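Report on the following structure.
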Amino acid sequence: MIETEQDDATRDRIDRAIPGLRIRIPDPSDPWALIVESMDEQVDWIVHQPDPFVANNVVDTTIVYRNRSYRIREVRQEGDGWVYRMIPWPDGEPRLNIVELEKWTQIKVERQAEREELDRIARSGPYEYLYGWLPARRQERLSEKFGFDTGEATRKTGLLEFFVCVGLAPLLMLLSIFSGQATPFLIVSLGMIEGATRWAYGFCNERALGLFALEIVDRIFFRRSR
């Protein structure tokens, strides 16, 4: 059973068990069936709109608390927080957008984690293209500082290298035919193979792999000097 305390001023029952929320269970004489106070605005909670022209375009949020369903009828900013006043959900009306308050904290944490992951991906994108060419050892060090995924950096730069070389290959092949110099075309062909190999390595192993030439230089000169 959920423990509550009584507000002597309003005679409401107060539930503080859910972090971030204070739930008021009003006295039976009160017109509201449930009142939820939150420090943050719950932008995902949709307030019921009596106007049918407006209501047709939105789906009301169904608030579930102690196995009972409620409809949000009023939301106001009061002091430093937000207050959501609710009435019982009409019997027989479908519930499509459901928020269970007992699971609200877990859902909020999961959504926050999703937002942080999306922010990390957005921030790390430029670093993946910038540093994904470097030797694996240096990518790993930089990833600790800038928070990008080294496997993703290898895949992206490998794919970019492959398509750039594919685009240049026909032109360089024609030049090699007319000029007799096949070296540029061979370099681009090797670039296609290298790009495809690096993409496959990053895809299968989720690890970093830089340009082959840089990897060789790093292994021969820099690791020996340590």
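Every number here is computed from the coordinates shown, using simple stated rules; none is lab data. Just so it is clear, the structure is predicted and the values come from calculations on it, not from any experiment. A quick note on method: Cβ atoms are made from the backbone with ideal geometry, for glycine too, and the neighbour counts reach across all protein chains shown.
Over the Cα atoms of region 160-200, Rg to Rh with Kirkwood Rh, two decimal places? Over the Cα atoms of region 160-200, Rg/Rh equals 1.04. At q = 0.14 Å⁻¹, what base-10 log of I(q)/I(0) does the Debye formula yield for the chain when every alpha carbon is treated as an equal point scatterer in vacuo? Here the Debye-derived log intensity ratios amount to -0.89. Annotation: the antiparallel percentage among DSSP beta bridges lying fully within the chain is about 85. A protection proxy built from the mean count of other Cβ atoms within 10 Å ranks the segments 22-34, 85-97, most packed first, as 22-34, 85-97. By the count of neighbouring beta-carbon atoms within 10 Å, fewest first, Thr62, Thr197 end up ordered Thr197, Thr62.
In the chain, the longest principal axis of the Cα atoms and the axis of helix 150-179 are about 40 degrees apart. Of Glu161, Glu37, the sequence from fewest to most neighbouring Cβ atoms within 10 angstrom is Glu37, Glu161. Extents of region 116-222, largest first, come to 54, 34, 22 Å (Cα atoms, principal axes, whole angstrom).
Applying Stokes-Einstein at 25 °C and 0.890 mPa s to the Kirkwood radius of region 59-149, computed over alpha-carbon pairs, gives a translational diffusion coefficient of 144 µm² s⁻¹.
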